[in-house]
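The structure under discussion appears below in the form of structure tokens.
The values are calculated or read from the model by the stated rules, or taken from the named source; none is laboratory data. A quick note: this is a predicted structure, and the numbers were derived from the prediction, not measured. Every residue, glycine as well, gets a Cβ built from its backbone with ideal geometry; the counts of neighbours run over all protein chains shown. Ligands, DNA and RNA are excluded from the accessible area calculation, which covers all protein heavy atoms including side chains. Shrake-Rupley method; radii C 1.70, N 1.55, O 1.52, S 1.80 Å.
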Amino acid sequence: MIPSKRTFLLWFWGGIVAFAVTLAFHIPLITEGVPGGIGDHQSAPDASTIDAIQTSWRLDGLSNQAAIAMITDLIFIGIYGIGCILGGLYYRSKSALTLKVLGWIALVSGLVFLLTDYGETISQFIQLMNFEGDDALANFASTVRPVKMLTWSSGFLTIVAALIIDRFSTSDA
């Protein structure tokens with residue numbers, strides 16, 4: 001399946017918009033007790049750290065805000081990840097080697113991003129809903145976070161590079 005450029009761009013830029021919305025829901029979670037906000041929760045390596053963060057949010061009246069923020073994150077992950085995958089499929093079908101390579105990078109980045117960020121966020125959400133940290137879930141989330149961050153960045157930069165090369169090339173680039 002080769003998606004149209006329009007289809008992949010709708011998903012990809014829709015993912016960027018969803019990311020901006022998600023960030024707006026994350027900002028209130030940056031507090032004196034949790035200065036890194038949701039990032040602190042994502043990188044917490046153990047149950048006791050998760051418990052301290054969630055207790056701080058609860059005392060600040062932010063437990064529902066944290067749940068909403070995580071739900072918006074789950075929505076963003078799907079839209080953006082699919083956008084990267086569709087962009088990868090689109091560009092790997094091009095005849096130019098540069099675009100093919102960028103397409104493969106975007107495709108793999110999107111797939112790995114989906115798996116790692118869904119795993120991380122679902123692990124966080126389970127702990128939030130139980131209002132109890134879990135060593136295994138916290139460790140898993142904090143372990144996959146760097147991979148998620150790398151694949152988010154590589155997917156974004158690869159798609160932008162492919163768009164620029166495709167736009168300014170005189171042929172199939």
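In the chain, the longest principal axis of the Cα atoms and the axis of helix 5-26 are about 20 degrees apart. For the stretch 18-128, with all protein chains in place and a probe radius of 1.4 Å, 72% of the accessible heavy-atom surface sits on carbon or sulfur. Mean-square fluctuations from a GNM of the chain, with a 10 angstrom spring cutoff on Cα atoms, peak among G36, G103, G155 at G36. Phi angles of the stretch 107-123 translate, via the Karplus equation with coefficients 6.51, -1.76, 1.60 and θ = phi - 60°, into HN-Hα couplings of 4, 5, 4, x, 5, 5, 4, 4, 5, 6, 6, 5, x, 4, 5, 5, 4 Hz per residue; Gly and Pro are given as x. For the stretch 105-122 and the stretch 61-89, what is the separation of their C-alpha centers, rounded to whole Å? Computed from Cα coordinates, the inter-centre distance equals 11 Å. Accessible surface computed residue by residue for the chain, with neighbouring protein chains in place and a 1.4 Å probe, gives 49 Å² per residue. Tell me the angle of helix 63-92 to the major Cα principal axis of the chain, expressed in degrees between 0 and 90 and rounded to the nearest ten. Approximately 20 degrees, to the nearest 10.
Note on the stretch 1-74: dipole from Cβ charges, positive end direction compared against I2, G36, A67; the farthest Cα belongs to I2. A viscosity of 1.567 mPa s and a temperature of 4 °C, combined with the Kirkwood radius over Cα pairs in Stokes-Einstein, give a translational diffusion coefficient for the stretch 1-146 of 81 µm²/s. Counting only alpha carbon atoms, the long axis of helix 47-59 and the longest principal axis of the chain meet at about 80°.
Positive-end ranking of F131, G88, A141 along the dipole of the stretch 78-173, with charges on Cβ about the Cα centre, is headed by G88.
Quick one: dipole size for the stretch 1-122, taken about the Cα centre, charges +1 on Lys/Arg Cβ and -1 on Asp/Glu Cβ, in debye to the nearest 20. Walk me through the numbers on the way to the answer.
Values: 6 positive and 8 negative charges, 205 e Å.
Dipole about the Cα centre, nearest 20: 980 debye.
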